[in-house]
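Below is one structure, written out as structure tokens, with a few remarks after it.
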Amino acid sequence: MPHIRSMSGNAVIAEAAIAAGCRFFAGYPITPSSEIAAVLAEELPKVGGVFLQMEDEIAAMGAIIGASLGGMKTMTATSGPGFSLKQENLGFACMAEVPCVVVNVMRGGPSTGLPTLPAQGDVMQARWGTHGDHPIIVLYPADLTEMYHQTVRAFNLAEQYRTPVILLSDELLGHMSERVEIPDAADLTIVNRRKPDVPPEQYLPYDVRRELVPPMANFFEGYRYHVTGLTHDETGFPTEDPDLAEAQLRRLMLKVSANADDILEWEEDGLADAEIAIFAYGAAARSVREAIAELRSLGVRAGLFRPITLWPFPDKALHLAVSRAGALFVVEMNMGQMIREVERSIRHIPIIGVHKVSGQPIDPDEIVFTVRDYLENGTLPRNAVYQMSV
Amino acid sequence: MKAIVRAMHEQGIAKDDAAVISGIGCSGRMSSYLDCNTLHTPHGRTLPFATGLKMARPNKSVIVVSGDGDSMAIGGNHFIHACRRNIDLTLIVANNFTYGLTGGQFSPTTPAQSWAPTAPFGTLEPQFDICEMAQAAGASFVARSTVANLKHMTEMIRLGLEHKGMSVVEVISNCHVNYGRKNMHPEAPEMVNWIRECCVDKEVIEVLPVEALEGKFVVGVLSQKQRPEYAAQWAEIVERAKNGRH
Ligand SMILES: Cc1ncc(C[n+]2csc(CCOP(=O)(O)OP(=O)(O)O)c2C)c(N)n1
């Protein structure tokens, strides 16, 4: 039986991380993520874990990679400016295939921006923040029970695919409290990294031939091998051989894209008969849910498509979900980021953006107003970014 | 590298129980030539990775190999904080007074008035003393050696491995290609000789006049203190937390 508690989003992440098996956290304080660190500083030692406050976010990211190589499930949490600092070592984790979880509780940017107010301006940084082509998995829940499950899933996916997973949240979700259904530990699915089943002499940590995700040996367990951010061959040693370099990077990308069916999760609500589809995620989706109820009461058949996995992008699901809609609205607390991905994906109906960057949540009425305006006048240019009235 | 392997051997550290972590630079590749658990991190980031690994597996040996640019410039912040925490790592800094790998640009340890591609009129910045930095930041074992004396270097590294706490061993190294060539030491043997001539043992400095130390490297164990080690202190916190105490 799940038990019910009222908790903040940040506390949910911390608690779910421990339930998922996280035993190592390194961080650097930043609003609005700091409560995650505070809860873990209290709770991790009780379960024999490690909590480190490092000298900066670069160090925190490095520490969780080092600890993961030592065999622990690890996490760091940050926000905007700190997320930028994570990117260098995050790329290392992608390249060296080291499982870890990076939480970014988004606040207004750029730069120091609006430290205490919500935004969704890092959804592209989450995808493309580090340099070079790289695979990444990004999850972004919209309510706190889901936050619990997605936090656990972040660890599971990281372990299963030997890759960093980014868990996005925002100031709104992080600091609000709501009723959370906490599942029994026994009901949780917990995935652990697959260890080699061959003797050390035969172990190839980056084998490209057999499977997309080679088993991972932890340090100090008899499988001595080399881990580097340099392009490497199947043994882990650096190479500049063009064929090997290409084969490794292709495998790296494929391990996420070819497993999209397993990685993708999304919610569809009321799309079966919808003339108006609305694409939204995270905190903005909460406003959209209210707007849809209002629109329906006004006789407008509107429905929600909400990606929970932002990256990889749920192309196929979105296509099927909006196939009967006449227009697709994209509601985001940024100047228009995921809308470009939606435009790339959906080409048969008008796409209209509703974007807000004031640091205030999007008022459901603003969404209702925009949709009605479109329906009544019908003439918004395709892909117009609708400017919110100030 | 030979000195590290010998020192590990002398300390009885098994290959499976040791990790060698290097950064980016000429010394960076060293980890890939060693048969143990090896990790080659981004430039300057050795110590955070090492800190994470050590805290995850506190009873294993974690050895870090870094350059002067790697640990004093881009990794300078990590350096002072690793020293301050006094975590049980052994950091070996190969100080060749230059950014060797990228072509000899000046580094934080390049002497003032040196020539470098990025200082064609001579460097203006005074140099860092790695060992003084380490001591000031709190490292509990600090030693200096040089490539000119393998036996001495091995002994300094061995003592660093033996010491419980943050150990910093600076090894004065030659980069005749990118530094020596433009700064009066174009050949390897000649530069190594120059390094040898510049060495003064810690044991004898008391009897030497101050002027005699001008431009010299003091080698040997420069300081060793017993201070609480970080991972051991954390283990105590875990004990307290498990018993419900703050
Ligand atoms: C973030 C980043 N900046 C710059 C570089 C380029 N780079 C590679 S090695 C190096 C300098 C290395 O100098 P040092 O640590 O003194 O080692 P040496 O090569 O002299 O042994 C630099 C600047 C890099 N790899 N990564």
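The values are calculated or read from the model by the stated rules, or taken from the named source; none is laboratory data. Here the structure is a predicted model, which means the values were calculated and not measured. Positions of Cβ are backbone-derived with ideal geometry, glycine not excepted, and every protein chain shown enters the neighbour counts. Note: accessible area is taken over every heavy atom of the protein model, side chains too, but ligands, DNA and RNA are not part of it. Shrake-Rupley method; radii C 1.70, N 1.55, O 1.52, S 1.80 Å.
Among strands (runs of 3 or more DSSP E) lying entirely in the range A:94-207, which contain 3 or more residues that are within 25 Å of A:Gly66 (Cβ to Cβ)?
Details: elements: A:100-108, A:114-118, A:137-139, A:164-170, A:177-182.
Once the strands (runs of 3 or more DSSP E) in the range A:94-207 are filtered for at least 3 residues that are within 25 Å of A:Gly66 (Cβ to Cβ), what remains is A:100-108, A:137-139, A:164-170.
How many of the residues in the range B:2-27 are part of a helix (DSSP H, G or I), within 14 Å of the ligand (Cβ to nearest atom) and surrounded by 24 or more Cβ atoms within 10 Å (Cβ to Cβ)?
Pass one, the range B:2-27, residues part of a helix (DSSP H, G or I): B:2-10, B:15-17, B:26-27.
With within 14 Å of the ligand (Cβ to nearest atom) added as a condition, the list becomes B:26-27.
Those still in the list that are surrounded by 24 or more Cβ atoms within 10 Å (Cβ to Cβ) too: B:27.
Of the residues in that region, 1 qualify.
Given the criteria surrounded by fewer than 18 Cβ atoms within 10 Å (Cβ to Cβ), closer than 20 Å to A:Ser8 by Cβ and acidic (Asp, Glu), does A:Glu171 qualify?
no
Spot the failing condition for B:Phe79; the list is (1) open to solvent by less than 10 Å² (accessible area, probe 1.4 Å); (2) more than 16 Å from the ligand (Cβ to nearest atom); (3) out of contact with any Cys (no Cβ under 6 Å at 6 or more places or on another chain), and only one is missed.
Going through the list (1) open to solvent by less than 10 Å² (accessible area, probe 1.4 Å); (2) more than 16 Å from the ligand (Cβ to nearest atom); (3) out of contact with any Cys (no Cβ under 6 Å at 6 or more places or on another chain), B:Phe79 breaks only (2).
Give me a count of the residues in the range B:29-71 that are assigned to a helix (DSSP H, G or I), buried (at least 24 other Cβ atoms within 10 Å of the Cβ) and more than 9 Å from chain A (Cβ to nearest Cβ).
Of the residues in the range B:29-71, 4 are assigned to a helix (DSSP H, G or I), buried (at least 24 other Cβ atoms within 10 Å of the Cβ) and more than 9 Å from chain A (Cβ to nearest Cβ).
Pull out all pairs, ordered by first then second residue, where Cβ-Cβ is under 8 Å, the residues are six or more apart or on different chains, the first lies in the range B:203-228 and is free of Cβ contacts under 8 Å to residues at least 60 places away in the same chain, and the second is open to solvent by 80 Å² or more (accessible area, probe 1.4 Å) and assigned to a loop (DSSP other than H, G, I, E, B).
Within 8 Å, no pair qualifies.
Looking only at the range B:61-71, decide whether some residue is within 18 Å of A:Glu55 (Cα to Cα) and either within 12 Å of the ligand (Cβ to nearest atom) or touching a Gly at 6+ places or on another chain (Cβ under 9 Å) (or both).
Yes, the range B:61-71 has at least one match.
For residues in the range B:91-108 being surrounded by fewer than 24 Cβ atoms within 10 Å (Cβ to Cβ) and free of Cβ contacts under 8 Å to residues at least 60 places away in the same chain, which is farthest from the ligand (Cβ to nearest atom)?
Only one residue fits best here, namely B:Pro108.
Name the pairs: first residue in the range B:61-75 and modelled with pLDDT of 95 or more, second residue part of a strand (DSSP E or B) and within 7 Å of the ligand (Cβ to nearest atom), Cβ to Cβ under 6 Å, at least 6 apart or on different chains?
Taking only residues 6 or more apart or on different chains, the pairs are B:Gly67/B:Ala94; B:Gly69/B:Tyr99.
With respect to A:Phe220, determine if the residue is open to solvent by 60 Å² or more (accessible area, probe 1.4 Å) and within 12 Å of chain B (Cβ to nearest Cβ).
No; evaluated as a whole, the condition is false for this residue.
Restrict the check to the range B:130-146 and report whether at least one residue is within 14 Å of chain A (Cβ to nearest Cβ), open to solvent by 10 Å² or more (accessible area, probe 1.4 Å) and basic (Lys, Arg).
Looking through the range B:130-146, none of the residues is within 14 Å of chain A (Cβ to nearest Cβ), open to solvent by 10 Å² or more (accessible area, probe 1.4 Å) and basic (Lys, Arg).
Please find, within the range A:225-235, the residue that is farthest from B:His40 (Cα to Cα) out of those that are buried (at least 20 other Cβ atoms within 10 Å of the Cβ) and of a type outside the set (Ser, Thr, Tyr).
A:His232
Select the strands (runs of 3 or more DSSP E) contained entirely in the range B:156-246, then report the ones holding at least 3 residues which are open to solvent by 20 Å² or more (accessible area, probe 1.4 Å) and not charged (D, E, K, R). Please lay out each step first, then the result.
Working: elements: B:167-172, B:199-201, B:217-224.
Output list reads B:217-224.
Report yes if B:Val200 is of a type in the set (A, V, I, L, M, F, W, C) and over 20 Å from the mean Cα position of the chain (by Cα), otherwise no. Steps first, please.
Values: of a type in the set (A, V, I, L, M, F, W, C): yes; over 20 Å from the mean Cα position of the chain (by Cα): no.
Taking the combined requirement at face value, the residue does not satisfy it.
Among (1) more than 22 Å from the chain's Cα centre (by Cα); (2) in a strand (DSSP E or B); (3) away from chain B (no Cβ under 14 Å), which single condition is A:Glu246 missing?
(2)
Scan the range A:18-70 for residues that are of a type outside the set (Gly, Ala, Ser), open to solvent by less than 10 Å² (accessible area, probe 1.4 Å) and not in a helix (DSSP H, G or I) and jot them down.
A:Cys22, A:Phe24, A:Phe25, A:Pro32, A:Leu44, A:Val50, A:Leu52, A:Met54, listed by residue number.
Step by step: first the residues of the range A:71-91, then only those that are over 15 Å from A:Asp56 (Cβ atoms) and open to solvent by 10 Å² or more (accessible area, probe 1.4 Å), then the one that is farthest from the other protein chains (Cβ to nearest Cβ). Which residue is that?
Just the residues of the range A:71-91 that are over 15 Å from A:Asp56 (Cβ atoms), to begin with: A:71-75, A:91.
Now drop any that are not open to solvent by 10 Å² or more (accessible area, probe 1.4 Å), which leaves A:71-73, A:91.
Working: A:Gly71: 7, A:Met72: 5, A:Lys73: 10, A:Gly91: 8 Å.
If we take residues in the range A:71-91 being over 15 Å from A:Asp56 (Cβ atoms) and open to solvent by 10 Å² or more (accessible area, probe 1.4 Å), then A:Lys73 is farthest from the other protein chains (Cβ to nearest Cβ).
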